[in-house]
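FYI, it's all coordinate maths here, none of it is from the lab. Since we're looking at a predicted model, the values are computed, not measured. Cβ: placed from backbone, ideal geometry, glycine included. Neighbour counts: every protein chain shown.
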Protein chains: 2
Amino acid sequence: MKEQIGDMSVQDSPFARKLSAFVRLSKDDLLVISDLYRRRRDFDVGSDMIHQGQTNQSAYVLASGWASSYKILIDGTRQIVDFQIPGDFIGLRSVLFRTSDHNVEPITPVQASEVHQRDLLDAFTRTPRLATAVLWAASRDEAMVVEHLVDLGRRSASVRMAHFFLELGARLRLVGMANQTGFDCPLSQSLLADALGLSAVHVNRVLRELREAGMLTFQKGKVVYDNYEALTEFAGFDRNYLDHNGPLLP
Amino acid sequence: MKEQIGDMSVQDSPFARKLSAFVRLSKDDLLVISDLYRRRRDFDVGSDMIHQGQTNQSAYVLASGWASSYKILIDGTRQIVDFQIPGDFIGLRSVLFRTSDHNVEPITPVQASEVHQRDLLDAFTRTPRLATAVLWAASRDEAMVVEHLVDLGRRSASVRMAHFFLELGARLRLVGMANQTGFDCPLSQSLLADALGLSAVHVNRVLRELREAGMLTFQKGKVVYDNYEALTEFAGFDRNYLDHNGPLLP
DNA sequence: CTTAGGGGCTGATGTAGATCAGCTTGCCGT
DNA sequence: ACGGCAAGCTGATCTACATCAGCCCCTAAG
């Protein structure tokens, strides 16, 4: 049971797969990971996984389902910082800082492995490569946040939207949940609004715009790339911005 | 010479000081750091330290001066992601990803220690605590980027500006370059504009607004908090958002 | 079957901030 | 001792998006 996650072995879990992409992990490393991985938990929509201000929080690795991490402002509005999909690490900062600076909420029912602070830090000292791997993963997340920052600062609503769906598609493809033609997407228009810094009304109009321009359709929980070429062109999307050419540590 | 940086010992360098704040570092750890720290380089305004797309970049630790990291868009506009002040790590992502996803440019003449990719990764395997420390520092940077994201997504220009100067002041205070009354600030209004996602014209008006409201004055390279209380209130600034209550690893 | 609530959708109106245009000041090089 | 040029500053106009208001449709609960 220790090396098995549901019916797949550790090496095949999205998380280990993602880490292996940039730091080659030994059998021992994988064992340490599988140990971290033991505790499975389920969350329903509406029950926060992590929330702002709370201390001594665990982190999680998402096994299935989608989540969103966000911040609430004094005036009640919120800004979604990112969506999490299977394989993503959740709440790393709330572990490292001891008190969480953001919320994480399931968008669909979620299965996740709980990782305790102590276990994580122990694992780092025992297997330094893992620490490097997690640093890498954290940096990749930061790169995405930076890209979102640029979106909000300097791109128009429609370009922003296009960029968002291209990035999301690229991420989902890495875990086999999307292909060139599109993907299933459980996000509502108001979630999109909170992520893109727009009003829900405007999200609706922009989606129509993209649809009528024959570039992308998002309806009934499905995203379809009607013209991938035109869309990447329109968004100025760097198509290999999530590829990082091979393992860093051999 | 090895344990001395200029005229101060390693433990006193802003970088080591920052890291020590959250991971207690042994004498050995400090030695490894001082070794990383050897290579000193100077940069003038106008000569990029790091630029987008370039591979096999070094990282740097800023010893003196200010820098800005930014991205350029296809249409020529740019978005500044963050400013770096002494003690800050620069270009970590460009080392971990092997090719840089952003630019870094000095704002004032800069002195920095160059850190080679190999040395950094070696240091991680030799002293796992250092890896954890750097992970922590990277996460702290991410937290700031997230805060900027919220700024751009959901805060008005004036609140954004107020928040920016409060955060900057807090960071500068950590390295002894500011106090409660204000600090020296080499940023131009158009740099502010590129950082806050505004036009230079609007930055000017917002600065006037804050000044006339008696909250903050930024003129002739000096920031003065005219009414710190009112300002934090106005910005909804969490005054301990960069404190992370003591070392993570004892 | 009826209703209540959430998501999507649309038109009308309002506004924060961009853009354009120009003017002033200080600074740097010749 | 003068031109050039970046930084700051200001007024007038324009526009991308928000806000407000209301409709339809679907599902879930009574």
Study note, to complete from the structure: Restricting to Cα pairs under 8 Å and 6 or more apart, the percent relative contact order of the stretch B:155-235 works out to 35 percent
Point to revise | Centre separation in Å (Cα based) which lies between the stretch B:179-234 and the stretch B:98-147 | key: 29 Å
Check your understanding: Measuring from a point 7 Å out along Cα→Cβ, what nm distances, shortest first, does residue B:238 have to its partners in the other copies?
Key -> 3.0
Point to revise | Nearest-first distances (nm) between copies at residue A:179, label 7 Å from Cα via Cβ | key: 6.7
Point to revise | Ranked A:113, A:68, criterion: other C-beta atoms within 10 Å, fewest first | key: A:68, A:113
Point to revise | Residue-averaged beta-carbon neighbours from other chains (10 angstrom radius) around B:137-147 | key: 6
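Add -39500 (n - 2.57) for each DSSP H run of 4 or more in the protein assembly as shown, then divide by its residues: what number comes out at 222 nm, to the nearest 500 deg cm²/dmol? Don't jump to the answer; show the numbers that get you there.
Details: 18 runs with 212 residues, N = 500.
So the calculated ellipticity at 222 nm is -13000 deg cm²/dmol.
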Review point. Simple spin-label model, 7 Å along Cα-to-Cβ: residue A:116 to residue B:108 in nm?
Key: 4.8 nm
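I'd like the mean, over residues of B:149-160, of how many other protein chain beta carbons sit within 10 Å of each residue's own Cβ. Provide the component values of the computation, followed by the final result.
On the way: counts 14, 13, 4, 9, 17, 10, 5, 0, 0, 0, 3, 0.
Rounded to a whole number, the mean comes out at 6.
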**Study point:** Other copies of residue A:122: label-to-label distances in nm, shortest first, labels 7 Å along the beta-carbon direction
**Key:** 3.2
Review point. Which lysines have a Cα less than 17 Å from the Cα of residue B:27, not counting those fewer than 8 places away in the same chain?
Key: B:2, B:18
Check your understanding: Near residue A:220, which aspartates and glutamates are there with a Cα under 14 Å away, not counting those fewer than 8 places off in the same chain?
Key -> A:184
Check your understanding: List the aspartates and glutamates whose alpha-carbon lies under 15 Å from that of residue A:71, not counting same-chain residues fewer than 8 positions away?
Key -> A:48, A:82, A:101, A:105, A:194, B:142, B:147, B:151, B:238
Check your understanding: Other chains' Cβ within 10 Å of B:124-133 residues: what's the mean?
Key -> 5
Review point. Of B:234, B:218, B:165, which has the largest mean-square fluctuation in a 10 Å C-alpha GNM of chain B?
Key: B:234
Review point. Taking a ≥ b ≥ c as the square roots of the eigenvalues of the Cα gyration tensor of the stretch A:161-229, is the shape rounded (a/c under 1.5), prolate (a/b larger than b/c) or oblate?
Key: oblate
**Study point:** Residue among A:161, A:49, A:144 with the largest mean-square fluctuation in a Gaussian network model of chain A, springs linking Cα atoms under 10 Å
**Key:** A:144
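Tally Lys and Arg at +1 and Asp and Glu at -1 over the other residues with C-beta under 13 Å from the C-beta of residue A:127: what net charge comes out? Mind showing how you got there, number by number?
On the way: positive: A:24, A:27, A:126, A:129; negative: A:28, A:29, A:35, A:119, A:122.
Overall, the nearby charge balance is -1.
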Practice item. Have a look at A:35, A:119, A:101 and tell me which one the Gaussian network model of chain A (Cα, springs below 10 Å) gives the largest fluctuation. Key: A:119
